[in-house]
Amino acid sequence: MKKFMKGLLATTMVFAMMTSLVGCGGSEEAPAEEAAGTENTLVMATNAAFPPYEYYEGEEIVGIDAEIAKAIADKLGMDFAIEDMEFDAIIPAVTSGKVSMGMAGMTVTEERMQSVDFSDSYAKGVQVVIVKEDSAITSVDDLFAEGASHMIGVQTGTTGDLYTTWDLEDAGLAKVERFNKGADAVLALTQDKVDCVVIDNEPAKEFVAANEGLKILETAYAEEDYAICFAKDSELTAQVNGALQELIADGTVQAIIDKYISAE
Ligand code: ARG
């Protein structure tokens, strides 16, 4: 409890300080190499291994973020393109101006706000813990308990990585194993190479549904706001955010979310 709670509290405070920012996405992409650099193309950087926000359906990147971004581009009269990359390459791509914005179920954090600006928030996320059905880990507290030595799988550079790393450092344990994709962390769990995976709730549900013998712990680890990120002081931020606000107000964003996430 103690040390972990300290980390969680700090995390919660950061969230309270930030409350909401936003994001948008799109879906009919032109090849990004052609599109990037053309003034009138909104180029979204993402990591398309994060269903239902962004993932491949055949050759095409689909999902909540992709569709919201496309709707924003349409509203702004811009062409739209998606560039798929590792999650931890998104912010560098945004700050270097290689892409117009980053949208990847990306959580607003104080740390990221040092390097990028965020839109209003368009969705909530929850960090959850996936374990095997017969796991000895039954709650989030178990992960950080005195003497615990569980191996935690995470996707590199995500909040699941950042928070568990902080909390484990607090507890004097270093047991985070990083994977390029959430699905790879889940595969490692099915092979007993890690004891659990900390990841966002909606992808967690999809990964658990796709693999036998896994479950999500009932206790959540952290709550977060997803938003779109931009290079600091980019002119696009206000434009995209304005379009996003309209799409939230007229129900488009909710309709897109409902299309991908069925009510429990
Ligand atoms: N919400 C988490 C974060 O911002 C995970 C996002 C991972 N997104 C992805 N497209 N792989 O760190």
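The table below gives the values:
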| quantity | calculated |
| --- | --- |
| Karplus-derived HN-Hα couplings along the range 125-136 (A = 6.51, B = -1.76, C = 1.60, θ = phi - 60°), whole Hz, x at Gly and Pro | x, 9, 7, 10, 10, 9, 9, 6, 3, 9, 5, 6 |
| Whether the range 131-203 is rounded, prolate or oblate, judged on the alpha carbon gyration tensor where a/c under 1.5 counts as rounded | oblate |
| Listed pairs K232/K259; K124/K215; K175/K215 exceeding 28 Å between Cα atoms | K232/K259 |
| Taking N as its residue count, the alpha carbon Rg of the range 62-201 over 2.2 N^0.38 Å | 1.19 |
| Relative contact order (%) - the range 61-117, alpha-carbon pairs under 8 angstrom, separation at least six | 31 |
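Each reported figure results from applying straightforward, stated rules to the coordinates on display, with no laboratory input. Since this is a predicted model, take the numbers as computed values, not measurements.
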